[in-house]
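The values are calculated or read from the model by the stated rules, or taken from the named source; none is laboratory data. Because the structure is a prediction, the values reported are computed rather than measured. All Cβ positions, glycine included, derive from the backbone under ideal geometry; neighbour counts span all protein chains shown. These accessible areas exclude ligands, DNA and RNA; they are computed on the full protein's heavy atoms, side chains included. Shrake-Rupley method; radii C 1.70, N 1.55, O 1.52, S 1.80 Å.
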Amino acid sequence: MKKHYITGILCLAVAIVVMVFSSINFLSLKDLGEIVPGPSVKEVKMLSDYYVGIKDTNMDTEVYVLEGTKPGGKVLILGGTHANEPSGYLSAITFIENAVVEEGTVYVIPYTNHSAMTHNDAQEASPQFLHIPTENGLRTFRYGSRATNPIDQWPDPDVYIHAASGQQLSGSETRNINRAYPGRPDGTLTEQAAYAIAELVRNEDVNLTFDLHEASPEYPVINATVSHEKGMSVAAEGVMELQFTGIQMALEPSPTNLHGLTHRELGDYTNTIPLLMETANASQGRLRGATNEALALTGIDKFYVKSQKLGFLYVPYDASGHPIEERVGRHLQGIIEYTKAYSNQYTDKPVTFSNIPTYEELFLSASKEDLGGPQLGKYLH
């Protein structure tokens with residue numbers, strides 16, 4: 001009996017140690033790190049300023065307001081719609097920390113689904129953090145989930161019915177904020193956050209909205225921009241300019257029968273021109289090898305190289321992968337060119353800015369050894 005007591009005590013002690021370690025790790029996931037406001041940041045608001053219903057919830061998040069010295073139009077940048085698509089929020093953070101706005105106002109939400117940043121997708125073996133070296137030391141960023149944390153919204157229904165259209169989707173999509181627009185104040189927490197963003201767009205009279213995404217290399221809509229029909233002239237001009245700089249970018253019309261997404265619902269329910277951009281991220285795909293930090297940052301995966309040779313992919317893929325610098329560079333260059341196109345066509349409400357790293361500066365001019373984080377780190381403070 002004595003041996004059984006000793007064994008039981010040892011097992012209990014080990015369980016307590018594991019529990020304490022797990023609790024510390026779990027609580028640390030809510031810390032998304034510090035963002036250093038750049039020279040044009042005049043105010044940091046909260047999303048709950050536009051809909052108080054999400055105040056004091058895990059969905060409330062910062063809205064950085066960058067103001068120019070001259071009046072003009074208004075732009076909104078949404079990063080972190082899907083928190084496991086790191087080039088989206090890293091592009092938004094790079095913009096916040098560097099941009100010098102001359103005309104107009106730019107609103108940036110780096111963590112659009114803040115709740116999704118605080119956990120990982122179950123059974124995907126995803127990394128919890130990304131580490132990028134900068135001149136001021138190592139910066140740590142969260143690698144989150146595609147969907148709202150189930151601690152904040154649960155259970156999922158068997159079938160998710162989009163409230164505004166009646167469209168039916170898989171039940172898990174109820175926690176995907178990019179299936180929740182235009183949102184509703186009395187809906188789920190995810191729908192309430194989507195409603196708050198739509199209210200921001202309406203109350204601030206936002207003219208142009210960017211939603212930054214990543215997709216798996218085997219997904220057809222990749223290295224592409226999706227535009228609502230009312231933004232096609234702006235998108236077409238921007239795509240031509242991107243192609244002139246050597247960036248291959250497809251232009252896709254927003255499907256009229258696919259609901260809940262920014263490029264459809266913000267275009268239908270607000271006055272903004274919504275554009276969604278997709279880059280190629282191997283850590284998103286089903287054909288990948290180990291899902292680790294290196295894959296998320298470098299995009300190098302031997303299984304995708306084989307898949308390219310078999311003709312399974314919609315983007316070129318070789319041993320160089322698609323590093324984070326390429327993906328962030330595409331997003332930032334897209335923001336530059338589409339905003340220029342907008343300002344050219346809407347001369348009464350221009351938005352101009354500078355000091356944003358270009359695709360060439362981030363990716364084309366970098367040495368191979370600097371890709372996978374270090375080159376991006378030169379623009380993070």
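Looking only at the stretch 174-229, residues that are small (Gly, Ala, Ser) and closer than 30 Å to Asn344 by Cβ come to 4 in all.
From the list Lys74, Lys2, the lone residue that is at pLDDT below 95, charged (D, E, K, R) and either open to solvent by 50 Å² or more (accessible area, probe 1.4 Å) or on the phi > 0 side of the Ramachandran plot (or both) is Lys2. Tell me, please, whether a residue that is part of a helix (DSSP H, G or I), among the aromatic types (Phe, Trp, Tyr) and at pLDDT 95 or above can be found in the stretch 292-310. Checking the stretch 292-310: at least one residue is part of a helix (DSSP H, G or I), among the aromatic types (Phe, Trp, Tyr) and at pLDDT 95 or above. You will find that of Tyr338, Tyr317, the residue that is touching a strand residue (DSSP E or B) at 6+ places or on another chain (Cβ under 9 Å), among the hydroxyl-bearing types (Ser, Thr, Tyr), open to solvent by less than 20 Å² (accessible area, probe 1.4 Å) and assigned to a loop (DSSP other than H, G, I, E, B) is Tyr317 and no other.
Ile93 satisfies every condition listed in (1) β-branched (Val, Ile, Thr); (2) under 24 Å from Thr225 (Cα atoms); (3) touching a helix residue (DSSP H, G or I) at 6+ places or on another chain (Cβ under 9 Å); (4) outside any strand (DSSP E or B) except (3). Scanning the stretch 347-379 for residues that are farther than 15 Å from Gly334 by Cα, assigned to a helix (DSSP H, G or I) and in contact with a Gly (Cβ under 8 Å, 6 or more places away or on another chain) returns a single hit, Leu364. What number of residues in the stretch 341-358 are under 16 Å from Ile247 (Cα atoms) and open to solvent by 20 Å² or more (accessible area, probe 1.4 Å)? Qualifying residue count for the region: 1. Within the set Tyr107, Tyr51, Tyr111, the sole residue that is touching a Gly at 6+ places or on another chain (Cβ under 7 Å), modelled with pLDDT of 95 or more and not acidic (Asp, Glu) turns out to be Tyr111. Being closer than 19 Å to Leu380 by Cα and open to solvent by 10 Å² or more (accessible area, probe 1.4 Å) is the requirement here; does Glu62 meet it? Answer is yes for this residue.
For Ala116, the requirement of being of a type in the set (A, V, I, L, M, F, W, C), surrounded by 15 or more Cβ atoms within 10 Å (Cβ to Cβ), on the phi < 0 side of the Ramachandran plot and free of Cβ contacts under 8 Å to residues at least 60 places away in the same chain is not met. Comparison of Pro110, Pro127, Pro133 shows that the only residue that is open to solvent by less than 10 Å² (accessible area, probe 1.4 Å), in contact (Cβ under 8 Å) with a residue 60 or more places away in the chain and on the phi < 0 side of the Ramachandran plot is Pro110. Residues of the stretch 242-269 that are touching a Ser or Thr at 6+ places or on another chain (Cβ under 7 Å) and either of a type in the set (Lys, Arg) or assigned to a helix (DSSP H, G or I) (or both): Thr262, His263, Arg264, Leu266, Gly267. Residues that are assigned to a loop (DSSP other than H, G, I, E, B) and either crowded, with 17+ Cβ neighbours inside 10 Å or of a type outside the set (Gly, Ala, Ser) (or both) within the stretch 320-335 comprise Gly321, His322, Pro323, listed in sequence order. Of the set (1) farther than 20 Å from Ile93 by Cα; (2) open to solvent by 10 Å² or more (accessible area, probe 1.4 Å); (3) touching a strand residue (DSSP E or B) at 6+ places or on another chain (Cβ under 9 Å), all apply to Trp154 but (3). Against the test of being within 16 Å of the chain's Cα centre (by Cα), outside any loop (DSSP other than H, G, I, E, B) and either under 24 Å from Leu287 (Cα atoms) or modelled with pLDDT of 95 or more (or both), the options Ala193, Ala236, Ala198, Ala147 yield a single qualifying residue, Ala193.
Looking across the stretch 201-233, not a single residue is part of a helix (DSSP H, G or I), in contact with a strand residue (DSSP E or B) (Cβ under 7 Å, 6 or more places away or on another chain), open to solvent by 10 Å² or more (accessible area, probe 1.4 Å) and closer than 19 Å to Ile54 by Cα. Looking at the stretch 338-381, which of its residues are in contact with a Phe, Trp or Tyr (Cβ under 9 Å, 6 or more places away or on another chain), of a type in the set (D, E, K, R) and closer than 18 Å to Val75 by Cα? The answer is Lys349, and nothing else. Would you confirm whether or not the stretch 188-199 contains a residue that is within 29 Å of Glu67 (Cβ to Cβ), surrounded by fewer than 16 Cβ atoms within 10 Å (Cβ to Cβ) and not acidic (Asp, Glu)? The answer is no; no qualifying residue exists.
Count of the stretch 284-298 residues, restricted to those that are open to solvent by less than 20 Å² (accessible area, probe 1.4 Å), in contact with a Gly (Cβ under 8 Å, 6 or more places away or on another chain) and touching a residue at least 40 places away in the same chain (Cβ under 8 Å), is 1.
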